[in-house]
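The values are calculated or read from the model by the stated rules, or taken from the named source; none is laboratory data. Since we're looking at a predicted model, the values are computed, not measured. Using ideal geometry, Cβ is built from the backbone for each residue, glycine included, and neighbour counts are taken over all protein chains shown. Accessible surface areas use protein heavy atoms only, side chains included; no ligands, DNA or RNA. Shrake-Rupley method; radii C 1.70, N 1.55, O 1.52, S 1.80 Å.
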Amino acid sequence: MKANLNLGNISNIKIQIHWTFFFLIVWIVFEELNRGGTTASVLFNIALVFAVFCCVVLHELGHALTAKRFGIGTKSITLLPIGGIASLDKIPEDPKQEFLVAIAGPLVNIIIAIFLYFLIPIQDFTNKNLGEALEYLSNFSLKNFLLYLFIVNVAMFVFNLIPAFPMDGGRVFRALLTLKINRVKATQIAANVGQFIAVLFLLFGLLFNPFLIFIALIIFLGAYGENKYVQSMMLLKNHTVNEAMLKNITTLHPENTVSDVVDILLSGSETNFVVVNKNGAIEGILYHDDIIKNSKNRSVPVKELMTKSFKTINFNSDLPSAYRAITSEKRPFIPVMNNNKLEGAIDLNNLNEFIMLRAKMEY
């Protein structure tokens, strides 16, 4: 199954729905019918979900278009059952830029909420007692639809400003701290606050709502991951690819067979191989999983199995850029070039080893 359904592009940003999103629709239909809902109530709730996710797209576009002003691209916005993700090329390190990018999303929600507040007569609801209010909300009217949308946007604004990664509030908090202290220390403080909030969510989840346990897990892992990432970037800062790359790599020729590759694979620790022609130019990359898949066909030449579309990285590139490039790849192995000549390769394992060694020396 294809992971994402593409909806189109806005400002060269791909808008897509992850296939798991449709489980949310199925669950809403099932729950509504299970409690005696009608066709009208099912359609009302489905329409509300799609309206909410339009607001989610606008929220993520707020981040993406603000980031674009600072020269940061966004590959895509993906809608998931729990919300949306804007895949920014990077998070700005300048605290003022990070603050503006992070706050832009929640500000979109509050602007939508303000617009809806003046569009619908909120006082028609607030002037009623509890019984009348509940009866009022049970009608599937346009007024109620817009009222629910207003409430959701206010909730999105408040929830996203919780000072915990991966929510926007965590990045806003970190950006404000970075104005006074260094980014690593600011991230550590923000991560600790986020993990404390995650523990609170966990306790409330155990007592009241199991869904909060899921939220707690996302916050805890998000805080931990952001802290580790920033520490890694700091350890890689001012270092270049040639310091961490694999230099003594085994290259293959297009005419080599799978049998040749299996022998090399079993006799050493290398798992991915650069394929070069007789002039030394790169023809492709043979990845470990392709070797394993085709290990029975020992006579097949490498040129039939290698991947011809690949990235390269310069010998003198900075390691933070290399780290971002490698972690964005499904197969984290990139040839290293110097003046159009193959010098070696760099992969995630070697980078992580470099980070661990630097951490020992730094701390």
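Quick one: which residues, 5+ away or cross-chain, put their amide H under 5 Å from the amide H of Gly83? H built at 1.01 Å from N.
When sequence neighbours closer than 5 places are left aside, there are no close amide H contacts.
Give me the tail of P(r) for region 156-215 as a percent: Cα-Cα pairs with distance above 16 Å.
Considering region 156-215, 46 percent of its Cα-Cα pairs are separated by more than 16 Å.
So what's region 1-113 giving for Cα Rg divided by 2.2 N^0.38 Å, two decimals?
Relative to the 2.2 N^0.38 Å estimate, region 1-113 comes out at 1.23.
When N is the residue count of the chain, what does its C-alpha Rg come to as a fraction of 2.2 N^0.38 Å?
That ratio works out to 1.24.
Taking the full set of protein chains and a 1.4 angstrom probe, give the accessible area of Arg183 in square angstrom, rounded to the nearest 10.
Counting only protein heavy atoms, the figure is 40 Å².
For region 179-268, what Kirkwood radius comes out of the mean inverse Cα-Cα distance, in Å?
The answer is 17.3 Å.
Hey, what's the Cα Rg ratio for region 210-363 versus the globular rule of thumb, 2.2 N^0.38 Å?
After normalising by residue count via 2.2 N^0.38 Å, the value is 1.23.
Rg and Dmax of region 236-327, Cα atoms, in Å?
Spelled out, the Cα radius of gyration and Dmax of region 236-327 are 14.6, 46 Å.
Mind listing the phi-derived Karplus ³J(HN,Hα) values for region 43-53, rounded to whole Hz, using 6.51, -1.76 and 1.60 with θ = phi - 60°, and x for any glycine or proline?
Running phi through 6.51 cos²θ - 1.76 cosθ + 1.60 with θ = phi - 60° gives 5, 4, 5, 5, 4, 5, 4, 5, 5, 4, 6 Hz.
Could you quote the convex hull projected area for region 105-262, Cα atoms only and averaged over all directions, in nm²?
Averaged projected hull area, Cα only: 18.5 nm².
At most 10 other Cβ atoms within 10 Å and a DSSP loop assignment: could you name the GluC sites (Glu not before Pro) in region 1-80 that fit?
Listed in order of number, the matching sites amount to none.
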